[in-house]
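Student: One structure, pasted below without further comment.
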Amino acid sequence: MPKTTSAWVEPAGRARHSAHETVCSGTDFYTVLMVATSSDGDQSGRAAARERALTRLAAGDLELSKDEQIALSALDRENCDRFMAVFARLVSDDRLSLLQLLTSLEEGAPLADFSAISLAAIADEEPTVRATAVAALGDYEATDSIEPLLALAHDDPDDGVRGEAVVALGSAALRAAFGQLSDSLRGRLVEELHAIALDVSEESLIRASAFASVAVIDEPWVRDLIFDFFEEGDDVLRLGAIQAMGRTADLYWLPTLENSMTVMDDDERVAAATASGEIGDEDGVPALAELLDDESLEVVLAAIEALGEIGGPEVAEQLERVSTHPENEVRLAVQAAVETATFADDPMGFSR
């Protein structure tokens, strides 16, 4: 595979840095935000909770209170380095458990931000820890994660880590498509993900994921590569092509997706339904409605979610049709889709 020079990841075959040797990168925006919205007493209490958390972890005790967990959010460089020094001394299973605990908290608390820890933990010697840290960076909006993730996508010796890296880079590609990255960084992102997609020595799943990530950016070669993967690739690359169709948000692909919704393979019908939802056009509703009667529960759920992404009166009618489905999972999916469709049709809530 092509190699990317980076201070973040050692080339395959060489020893990795210990986690505590990794330079932490504090998230200044969140640090400033939390300082600005907190009183002196809050900051003092937060500092005390952070010290308690570090003391517990140094003793091998992972049973942190919620206050202690939150106190590890939005660490500045100094405190992140202190955390990583303690983190590095934990056994690998405990490092993984702690990182999973913090990243799951991040998902449920909008102001919780453990990106400084995740950025440092991508240099961990344990692949599962690196993969967890990388996955946590998928929604990270600052640009300082892009080069490290590109380095991991190319150089990491573990397939799982490389795979998580190309998926995480999908959000950066979306920002690039909206003009939120510099031209040089956009160019680097496109070049590297394109190279991974074309690398026949790489695992098909990683190639497919890299292509799906970069397909959101309007490049002249995207359509041709979708055709190549769809018509001539293996099953995994074909699914990657279908996912890429959705990422392009191009109505051109709707007829192809509608055909894929009628094939025997469940995975292809799921992928086609999901891609149609990503395109988000009402022309895709009739084919998705047909899938509501599919024999595969997974296909039905994908169709419901896709319809929710599209919204509109016809979608509401189709969702109503399956709102009393015998499967509870389907009924719950319909409720979620109705909420999604309502938000899409009236994001500001003017009709309520």
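The values are calculated or read from the model by the stated rules, or taken from the named source; none is laboratory data. Small disclaimer: the values here were computed from a predicted structure and weren't measured. Neighbour counts run over all protein chains shown; Cβ positions are idealised from the backbone, glycine included.
Student: When you scan the stretch 9-29, do you find a residue that is modelled with pLDDT under 50 and touching a His at 6+ places or on another chain (Cβ under 8 Å), even just one?
Tutor: yes
Student: In the stretch 65-96, which residues are without any contact (Cβ under 8 Å) to a residue 12 or more places away in the chain and among the hydrophobic types (A, V, I, L, M, F, W, C)?
Tutor: Passing the criteria: only VAL91.
Student: Just one of SER171, SER115 is out of contact with any strand residue (DSSP E or B) (no Cβ under 7 Å at 6 or more places or on another chain), buried (at least 24 other Cβ atoms within 10 Å of the Cβ) and of a type in the set (Ser, Thr, Tyr); which is it? Reasoning before the result, please.
Tutor: Details: SER171 fails: buried (at least 24 other Cβ atoms within 10 Å of the Cβ).
The match here is SER115.
Student: Could we say that ILE217 is in contact (Cβ under 8 Å) with a residue 40 or more places away in the chain, touching an Asp or Glu at 6+ places or on another chain (Cβ under 9 Å), among the β-branched types (Val, Ile, Thr) and under 17 Å from LEU169 (Cα atoms) here? Show your work before the answer.
Tutor: Working: in contact (Cβ under 8 Å) with a residue 40 or more places away in the chain: yes; touching an Asp or Glu at 6+ places or on another chain (Cβ under 9 Å): no; among the β-branched types (Val, Ile, Thr): yes; under 17 Å from LEU169 (Cα atoms): yes.
In short, no.
Student: From the list ARG82, ARG56, ARG95, which one is buried (at least 20 other Cβ atoms within 10 Å of the Cβ) and assigned to a helix (DSSP H, G or I)?
Tutor: Result of the check over ARG82, ARG56, ARG95: ARG95.
Student: Those residues that are within 17 Å of the chain's Cα centre (by Cα) and not hydroxyl-bearing (Ser, Thr, Tyr), I need them from the stretch 199-221; list them, please. Spell out the reasoning first.
Tutor: Filtering the stretch 199-221 down to residues within 17 Å of the chain's Cα centre (by Cα) leaves 205-217.
Selection gives LEU205, ILE206, ARG207, ALA208, ALA210, PHE211, ALA212, VAL214, ALA215, VAL216, ILE217.
Student: Conditions first: (1) more than 20 Å from THR274 (Cβ to Cβ); (2) surrounded by fewer than 23 Cβ atoms within 10 Å (Cβ to Cβ). ILE196 passes all but one, so which condition is the exception?
Tutor: For ILE196, the exception is condition (2).
Student: Here is a follow-up. Quick one: would you say ARG130 is among the charged types (D, E, K, R) and over 25 Å from LEU75 (Cβ atoms)?
Tutor: So ARG130 fails the test.
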